[in-house]
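Bear in mind that the values in this text are calculations on the coordinates, not laboratory data. Please read these numbers as outputs of a predicted model, since none were measured by experiment. Cβ: placed from backbone, ideal geometry, glycine included. Neighbour counts: every protein chain shown.
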Amino acid sequence: MDVPRDRIDMPPLEWKPQQSDGHLNAEEYEALRTLVSRFYERIAKSVRPESPDFSIWFGENRITVSGNLPELDPDTVRVALAGQTLVVRGVFRSLAGSPTPPRTFQKIFMLPFPVDPRTLQVDWMMNFLIIQAQRLQQDRPQAA
């Protein structure tokens, strides 16, 4: 994925080892390792979407919203429903040893029809968040 240079908030890398033969002493090695780690952390942050992608499927009386969220902490997922508005919130885990704090997200969906909050089901299965609900009884199409 090509990332526009203006989206990467960091100065260009410049490395000047002290020894002319190109070998690094322990201090230089640690400084270079830290520099490269920060570089990759910033790159990852710049190309990571602010909120994940979700898919929405709906039939005549049922709606399903799902997203593949491998970094999401399932214990942090919160789902709210009001009329035709569905709000999903959560926190992405940081990589082990990463200085970057966990990221939060919020995604708001305008559903194509009102759903019954009593039928709301939220499941977490193999990195997929799956949200399902039934259309309100009084809003269902009448059989001809």
Ser98 versus Gln121, label points 7 Å from Cα toward the beta carbon: distance in nm?
3.2 nm
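Could you sort 28-36, 81-89 so that the peptide with the highest average Cβ count within 10 Å comes first and the rest follow in order?
Values: 28-36: 12.4, 81-89: 15.6.
Ranked from most to least packed, the peptides come out as 81-89, 28-36.
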Which far-off residues, 5 or more places away or on another chain, put their amide H under 5 Å from the one on Ser94, with H placed in the peptide plane?
none
